[in-house]
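Input: a single structure, listed below in structure tokens.
What follows is calculated from the coordinates using simple rules that are stated; it is not laboratory data. It should be emphasised that the depicted structure is a prediction, and the values quoted were computed from it without experimental measurement. Note that each Cβ is placed from the backbone with ideal geometry, even for glycine, and that neighbours are counted across all protein chains shown.
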Amino acid sequence: MGKLQSSLLVLSALLCLTLGWEPGTQYEYKYAGRSAAGMYHLKQQYAVIELQSRVIVQSIDENTIVVKLTDGRIKRNGNFVKNPYFQGEISDSGYVIQPAHPEEIEGEEDQFVNDEQFGAPFVVTHNKGSFTGIEINAEEPLWVVNYKKSIASQLQLDITGVRRDGIFNYESVPAEEETKSFTVFEDSISGDCSTTISVTRLPLSQVYITDAYKLGSFEAICKDKPVYKIVKSKDYNRCQHNPVWSTANPATHSCDFGKTDCGNFMKRSTVYKYIACGESFPKLTFVHASGFSDLEVQPFATETNELTNSVIIDWSLEKMESVSSRFASPSSPKEHKTLSYVFGDFHQVNHDGTPAQPNLVDAYINSPLPVSALHKNIIAA
């Protein structure tokens, strides 16, 4: 079951504007995320795993937030024949009738393992929205540590250029219908990479057609405040650190699999969009977010349909209130200075320097056949 939980690392995409956290305030978000793997052109058939939960964020001070995950549910379906992407309903005039929130997939529900550790609060520190550290209980299993790192990865948005990458004009706040773009470095579960952020102040005509406008919390939180659309995209070609591990057999490709692309063999992309409002830029609070992270691979660069793994996420703010009871800090905290994924005991190379192969025997799988028999068949194939 632990392997199933670790596969959910790619689902986590908590998007929020850290500079908007008001000290002494608690934010409760509804989260839904799914990972869909398959061939898009092959009858739209996917293997889908979905996680739904609530995420509660307590702002302690200007540089510290405490996060707690609750009500987690996991479902999976190995024969999902519908469109896995979240689709809302829009009228002929362009107005949102039904926001693009995901509906639950029909499938088998799994129980969380290490549920107590999964729901234990953890602390994230930042400098004006840029991650500086995360504290997690030292006894928590590795998959939980990596999962919480992935959440902390998206609890940041460096819109003041703390880690600027090139020219950055912070004083130039976008006017209505104007877009401002800049580049910063952000640490995350998938590496410390250059990230382009585009901020657009929306006119009322565009605010009305956003998914966020239909949320019950939008009017109470945003009222007459300026509304912004923020789009963030990651450049995997410019990473200071990239924890991706990969291997190919036969080794016919000389490019780096950790980059944005490897010819026609592999492509990676990550884009997130969220709607936020606030009295003044950059003190904003996000009310709705959506994101896509795609990995496309063409096996051995042959002329065949691409294998695709898509991560699709949706966040909506349900309520915002004063903190009535503070979450406890980790009892035996361990501080992590990087958010990069940790592979644990998996050795990427053998003693002779040759690439090691992942251990298929230990992979989680729900099958009436013994894992040893499945492993033998996989190797034979």
Practice item. Just round it to a whole percent: the fraction of Cα-Cα distances in the stretch 107-251 exceeding 20 Å. Key: 64
Exercise for review: Quick one: check the C-alpha center-to-center distance for the stretch 316-330 versus the stretch 177-231, whole angstrom.
Suggested key: 23
Revision key, fill the gap. Of 60-70, 151-161, ordering from highest average Cβ density within 10 Å down gives 151-161, 60-70
Check your understanding: At a Förster radius of 56 Å, what calculated FRET efficiency corresponds to the Cβ-Cβ distance of Asn264 and Glu321, to the nearest 0.05?
Key -> 0.65
Point to revise | Added length on full extension, which subtracts the Cα-Cα distance from 0.36 nm per residue, Arg73 to Asp61 | key: 1.2 nm
